[in-house]
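The values are calculated or read from the model by the stated rules, or taken from the named source; none is laboratory data. Treat the numbers as computed from the prediction; the structure is a model and nothing was measured. A quick note on method: Cβ atoms are made from the backbone with ideal geometry, for glycine too, and the neighbour counts reach across all protein chains shown. We work out accessible area using only protein heavy atoms, side chains counted, and drop any ligands, DNA or RNA first. Shrake-Rupley method; radii C 1.70, N 1.55, O 1.52, S 1.80 Å.
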Amino acid sequence: MNQQSPANNGTREIFSVSRLVRETRAVLEASFPLLWVSGEISNLAQPASGHIYFSLKDEAAQVRCAMFRMKRQRLRFRPENGQQVLIRAKVSLYEARGEFQLIAEHMEPAGEGALRIAFEQLKQKLATEGLFDSEQKKPIPVPPKQLGLITSPTGAAVRDLLSVLKRRFPALPVIIYPVQVQGEDAARQIVQMLKLAEQRQECDLLILSRGGGSLEDLQAFNEEQVARAIHEVSIPVVTGIGHEIDFTIADFVADRRAATPSAAAELVTPDQLEWQQRLHAVTRRLKQNQQQRLQQLQQHFSALLKRLQIQHPKRRLQQQAQRLDELSDRLSRQFHVNLLQKHQRVDRLHTRLARQTPEQRLKRLVQQTTSLEQRLHRAVTQRLNREQTRFTQLGRDLHNLSPLNTLGRGYSIVSSPTTDAIITDASDVELGDELQARLHKGSLICQVVKKNL
């Protein structure tokens with residue numbers, strides 16, 4: 001309901017509780033990005049829905065928190081009351097009770113929290129510098145000529161690596177560069193061995209490896225000096241660190257990451273059985289090719305032997321003699337054929353000459369003259385007939401158009417006897433004038449006694 005304010009005579013804007021809470025929630029969620037918060041878990045509730053609800057507190061304050069089932073399933077530990085944790089959450093408001101709360105997206109024990117933040121910051125820094133770019137990755141030789149293992153010489157990882165290498169490709173020579181894989185001195189030793197491998201250039205591929213562990217156990221592989229040493233070494237580096245879900249900074253910088261140490265060994269070596277099968281197949285093809293080549297050479301030798309026998313001097317003399325007889329026979333036949341053709345040509349020339357005598361030409365000319373005279377007479381006769389017919393038609397047309405023909409039908413032509421001008425209008429004469437009327441036969445001299453206009 002709107003009421004008039006006596007102070008400004010304006011309209012008051014009155015919020016309902018639900019509207020106030022809803023708009024406050026929108027302001028909170030828009031004002032705060034995802035943020036990291038540390039504290040102690042209390043009032044932990046885990047209903048059957050799979051969500052968890054708890055308070056996060058320190059010595060001066062507390063805040064209600066909620067983590068929904070999909071996010072909770074990703075936790076790698078079981079939260080308990082009194083446990084110090086680090087959560088990544090967004091600020092929100094529970095509208096039903098108007099309570100300020102945090103919606104947790106991620107949670108980890110507080111001991112790993114600082115390491116996780118340092119991990120994310122270093123990851124962002126190195127990514128910005130381009131150390132993770134795919135263009136920086138070097139190709140992996142498979143199989144390598146000699147493999148270097150940078151790992152603990154007494155750990156489970158080296159046993160797994162050597163076991164897989166022996167099973168898959170025992171012919172591959174391996175050099176172990178021993179290092180500590182956790183502890184304060186681990187990062188320095190890893191960098192030192194990377195530089196030693198670079199200096200010696202005795203391996204064309206390196207595997208940097210260790211077994212699984214917590215984020216703190218893997219800290220040596222998240223050190224900036226290790227990442228930069230991996231990036232600077234010219235030898236390709238494959239990492240096999242921890243379990244499949246573990247990712248370190250070294251994994252991002254390396255030229256290839258394997259999920260485990262065993263997977264790294266499988267990645268860089270071919271399967272011995274597969275290579276043996278390929279070797280057997282190549283051997284079979286080589287034998288088949290050699291057999292086919294030998295057969296081809298034998299066939300070629302036999303062909304050369306036959307050609308040698310065919311080209312023996314005695315054989316060639318016999319062939320030349322036979323060839324001479326064939327050519328002599330062809331020459332004789334060709335001579336007779338040519339002589340016959342000459343006789344036939346002479347006969348044709350005699351026949352043509354007989355047709356070309358003056359008497360024969362005169363007869364042909366007389367025949368042509370007679371034929372032309374007959375054609376000329378017919379043409380003149382036809383032309384005269386056409387012209388006579390045309391003249392007769394023109395005479396009839398002229399007679400039909402003649403004024404005399406009109407006079408024969410009772411008409412007359414009236415004219416002035418002095419000027420011979422034809423009178424066609426009664427107004428051209430006066431009473432008493434003499435006129436000449438020409439009839440079909442003869443003419444009359446008339447006098448005008450009356451005019452009808």
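Annotations
- Tail weight of P(r) past 22 Å, computed on alpha-carbon pairs of the stretch 230-334, percent: 69 percent
- Each Lys and Arg contributes +1 and each Asp and Glu -1, all at the Cβ; summed about the Cα centre of the stretch 286-373, the dipole is approximately 440 debye.
- Degrees between helix 272-310 axis and first principal axis of the chain (Cα, 0 to 90, nearest 10): 40 degrees
- Long-range amide H partners of Val179 with built H, under 5 Å: Thr151, Ser152
- Mean residue ellipticity at 222 nm, helices only, the chain: -16500 deg cm²/dmol; runs of at least 4 DSSP H residues each add -39,500 (n - 2.57), and the sum is divided by the number of residues.
- Dimensionless Rg/Rh of the stretch 352-453 - Kirkwood Rh, Rg from C-alpha atoms: 1.62
- Projecting the Cα positions of Gln199, Ala127, Ile175 onto the charge dipole of the stretch 114-265 (unit charges on Cβ atoms of Lys, Arg, Asp and Glu, taken about the Cα centre) puts Ile175 furthest along the positive direction.
- Residues with amide H under 5 Å from that of Gly212, placed H, sequence gap 5 or more: Gly242
- From phi via Karplus (6.51, -1.76, 1.60), per-residue ³J(HN,Hα) for the stretch 414-420 in Hz, x at Gly/Pro: 9, 9, 7, x, 8, 9, 6
- Built amide H within the under 5 Å cut-off of His106, gap 5+: Arg88
- Accessible area of the stretch 243-326 belonging to carbon and sulfur atoms, whole % at 1.4 Å probe: 54 percent
- Under the Karplus curve 6.51 cos²θ - 1.76 cosθ + 1.60, θ = phi - 60°, whole-Hz ³J(HN,Hα) for the stretch 152-169, x wherever Gly or Pro sits: 6, x, 10, x, 5, 4, 5, 5, 5, 4, 5, 5, 5, 5, 5, 6, 8, 8
- Rounded to the nearest 20 debye, the dipole magnitude of the stretch 371-453 is 760 debye, with +1 charges on Lys and Arg beta carbons, -1 on Asp and Glu beta carbons, and the Cα centre as origin.
- Proximal lysines relative to Lys90, as straight alpha-carbon distance under 20 Å, when same-chain residues fewer than 8 apart are discounted: Lys57, Lys71
- Prolate/oblate/rounded call for the stretch 82-132, Cα gyration tensor, a/c under 1.5 rounded: oblate
- Rg and Dmax, both from the Cα atoms of the chain and both in Å, are 64.4, 170.
- Rounded, prolate or oblate (a/c below 1.5 giving rounded, otherwise prolate when a/b exceeds b/c) for the stretch 121-244 by Cα gyration tensor: oblate
- Taking the protein heavy atoms of the stretch 5-109 in the context of the full set of protein chains, the accessible area attributed to carbon and sulfur is 51 percent at 1.4 Å.
- In the stretch 95-162, inverting the average of 1/r over every pair of distinct C-alpha atoms gives 17.5 Å as the Kirkwood radius.
- For the chain, the solvent-accessible area of protein heavy atoms averages 70 Å² per residue (probe radius 1.4 Å; ligands and nucleic acids excluded).
- Each other residue within a Cβ distance under 12 Å of Pro141 adds +1 if Lys or Arg and -1 if Asp or Glu, for a net charge of +1.
- Cut-off 20 Å (backbone N to label point 7 Å along Cα→Cβ of Phe32), residues of the stretch 75-90: 84-90
- Antiparallel %, DSSP beta bridges [both residues in the chain], to 5: 65 percent
- Two-decimal Rg to Rh for the stretch 65-189 - Kirkwood Rh, Cα set: 1.14
- Under a model in which nothing but the beta-carbon of Lys, Arg (+1) and Asp, Glu (-1) is charged, the stretch 157-230 shows a dipole of about 440 debye around its Cα centre.
- Think of the chain as a dipole: +1 on every Lys or Arg Cβ, -1 on every Asp or Glu Cβ, centred on the Cα centre; then among Gln46, Pro313, Gln344, Gln344 lies furthest on the positive end.
- Once all protein chains are placed together, His336 keeps about 110 Å² accessible to a 1.4 angstrom probe.
- Asp347 paired with Glu59, simple spin-label distance in nm, labels 7 Å along Cα-to-beta-carbon: 14.6 nm
- Taking trypsin sites (Lys or Arg not before Pro) across the stretch 59-132, the ones in a DSSP loop with at most 15 further Cβ atoms lying within 10 angstrom of their Cβ are Arg74, Arg76, Arg97.
- Taking GluC sites (Glu not before Pro) as exposed when DSSP calls them loop and at most 16 other C-beta atoms lie within 10 angstrom, the chain has its longest site-free stretch at 245-429.
- Around Gln46: net Lys/Arg minus Asp/Glu count, Cβ-Cβ under 12 Å: +2
- Local electrostatic count, Lys71, Cβ distance below 11 Å [Lys/Arg +1, Asp/Glu -1]: +3
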